Each structure stands twice: as C-alpha cells, then as structure tokens.
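Reading through the structure tokens given below for one structure.
What follows is calculated from the coordinates using simple rules that are stated; it is not laboratory data. Nothing here was measured: the structure is a model prediction, and the numbers come from that model. Cβ placement follows ideal geometry from the backbone for every residue including glycine, while neighbour counts extend to all protein chains displayed.
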Amino acid sequence: MRKTTARVAKAAVSAGVALAAAVVMASPAHAASGKNAYAYVYGPDGKSTAAAWFETYGEHVDLYDDKADGKGVAFELQRRNSSGTWYTYASGYSNLGYGNGYKYYDYEIPEGAPIRIRACLQNGSTAPRTPCGAWAYGTA
C-alpha cells in the first residue's frame, strides 16, 4: 500500500511539474505582441521625479509627475527608420503637477515597430528638457 501511495504521489508531482512547465512555456503565445517601455527621471535621493510609459495596447504614452518640485514633465518618443537610425517621432509636456493625474498621448504606430522613450523634467513648455532619464526600449 505504501509503495502504491508513493507511486501515485510521484506521478501527481511529475504531472504537476509538467503542467507548470507547459503553462510557463505557453505564456508568451498569449502575451501582447509588443513590449511596453517604462522611463523615469530619478532625483538625487534615488526616487522617481517623472515617469513616461509607452503602452503597446493602443500605442499610447502616459506622462506623470512623480514629485512636487515645481517642474513640469516631458517625454521624447523615438522610432527607428529603415536604415536603423533613431528619430524623434513625438514629444510632449505636462504641467498638471504632482498628484493631478496622467497626461495621455495617443499614437498610431505599426505593430512590431521598435520604439524608445525617455522621461525628462522641463521648466515650462518652451524650456529645454533637462535632466532626462535613460532610454527605455520597447516595441509597438
């Protein structure tokens, strides 16, 4: 009886491991075709002061002010041309201020197109964008 119980338990564990492996391996097939990109600017304290997110579902950018510092936030969105060179496709600015919601920008970008985005601080709509965070890469 003990050997039978042990065999059944081993078979159940093996079946569970096989099922888990199949689910993990199948997951990418159910994922969205693109890759989201999340860009931030970090202050001297290591905390985010601005965020720009490219979301593949609907090809849009959300821009958010993460710190009440009196500065606006901006983003730069770039695409790659046929020769592989990055070019500025879109940019935006928000002066909504910290805690006042996201500014939303909607685009039509072909599925699978590589993109990169970065978040910046900006003191007014015509001021230079500085500092800017690192580029974050994704696909539409």
What one gets for region 77-131 as the Kirkwood radius, inverse of mean 1/r over different Cα pairs in Å, is 13.2
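Express in nm, to one decimal, how much length is gained between L96 and A113 on full extension, taking 0.36 nm for each residue of separation and deducting their alpha carbon distance.
Details: separation 17, 0.36 × 17 = 6.12 nm, distance 3.00 nm.
Extending this stretch completely gives an extra 3.1 nm.
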For the S83, T130 Cβ pair and Förster radius 25 Å, calculated FRET efficiency rounded to 0.05 is 0.30
